[in-house]
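Contents: one structure, followed by commentary.
The values are calculated or read from the model by the stated rules, or taken from the named source; none is laboratory data. This structure is a prediction, so every number in the text was calculated from the model and none was measured. All Cβ positions, glycine included, derive from the backbone under ideal geometry; neighbour counts span all protein chains shown.
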Amino acid sequence: MSGDEKAGTPAPDQVTPAGSDWDFKSAMALFATGVTIVTTHERGLMHGSTVQAFCSLSLSPRLVLVALSKDGRTMKYLAKSGSFAVNVLNEEGEELARRFADPTKTSEERFRGLDYRLGSTGNPLLNSALATVDCVVEKVVEAGDHVVVIGRVVDATASGTALGEARLPSVWPLIYFDRNYARIERKQS
Ligand SMILES: Cc1cc2nc3c(=O)[nH]c(=O)nc-3n(C[C@H](O)[C@H](O)[C@H](O)COP(=O)(O)O)c2cc1C
């Protein structure tokens, strides 16, 4: 790269993005992901919300990351608790995803009627989850209106799909794509 090309790269705080916020969100909506419920707790009170921004980060040590709204309740609970768990929803989890994304619902309403157990961190692990990853907070990085939370994995569980067992509906993931919930289409075998 020549000196001139480098000189043409603006500093991040000098960037005026092209297009509208809606255009940006539309582009991001075309990145298909699974759907998770991130759970946490503080002094015996559980909380959780629907989170798409989750990924595996490192094997040694085992790290994952989630990105949470700075102003959301989940981030407030998590900051106090110092731990969180990621629950990967199965394809029947659409109602749960909607419930845990509904800002009008209390913590109690979100967990009502759900079967769960507590991880060693005290975080709720949903029994219906395809996989669970229980973590303590390693690091938090503020980024715009969100916070990237890096978790050190305490325990991870996987259901049948990952173990190569029978592919029952409960071991297929819920997908979020283009602002809609979707399922993976099964190939006939
Ligand atoms: C499919 C889907 C994915 C979402 N992913 C995220 C996410 O990655 N991070 C986030 O902060 N909020 C995400 N949300 C929004 C939160 O679930 C929603 O704002 C929720 O009400 C936050 O709850 P809280 O204020 O109790 O934390 C998502 C919502 C949906 C429907």
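Being at pLDDT below 95 and among the hydrophobic types (A, V, I, L, M, F, W, C) is true for just one of 174, 118, 130, 126. Which residue is that?
It is 130.
Within the range 38-92, which residues are in contact with a Phe, Trp or Tyr (Cβ under 6 Å, 6 or more places away or on another chain), of a type in the set (A, V, I, L, M, F, W, C) and closer than 25 Å to residue 181 by Cα?
Of everything in the range 38-92, those that are in contact with a Phe, Trp or Tyr (Cβ under 6 Å, 6 or more places away or on another chain), of a type in the set (A, V, I, L, M, F, W, C) and closer than 25 Å to residue 181 by Cα turn out to be 38, 66, 86.
Could you list, ordered by first residue, the pairs with Cβ atoms under 6 Å in which the first is in the range 126-144 and within 22 Å of residue 69 (Cβ to Cβ) and the second is outside any strand (DSSP E or B) and polar (S, T, N, Q), at least 6 apart or interchain?
Cβ pairs passing all conditions: 134/121; 134/123.
Could you please give the count of residues in the range 43-56 that are assigned to a strand (DSSP E or B) and either buried (at least 17 other Cβ atoms within 10 Å of the Cβ) or near the ligand (Cβ under 7 Å from one of its atoms) (or both)?
7
For the range 111-128: of the residues being of a type outside the set (D, E, K, R) and over 13 Å from residue 41 (Cα atoms), which is nearest to the chain's Cα centre (by Cα)?
Going residue by residue through the range 111-128, those that are of a type outside the set (D, E, K, R) are 111, 113-114, 116, 118-128.
If we keep only those that are over 13 Å from residue 41 (Cα atoms) as well, we get 113-114, 116, 126-128.
Working: 113: 22, 114: 19, 116: 18, 126: 14, 127: 17, 128: 16 Å.
In this case the residue turns out to be 126.
In the range 71-110, which residues are under 15 Å from the mean Cα position of the chain (by Cα), closer than 13 Å to residue 149 by Cβ, more than 8 Å from the ligand (Cβ to nearest atom) and not in a strand (DSSP E or B)?
Listed by number, the list holds a single entry, 78.
Within the range 23-42, track down each residue that is surrounded by 12 or more Cβ atoms within 10 Å (Cβ to Cβ) and more than 12 Å from the ligand (Cβ to nearest atom).
Matches in the range 23-42: 24, 26, 41, 42.
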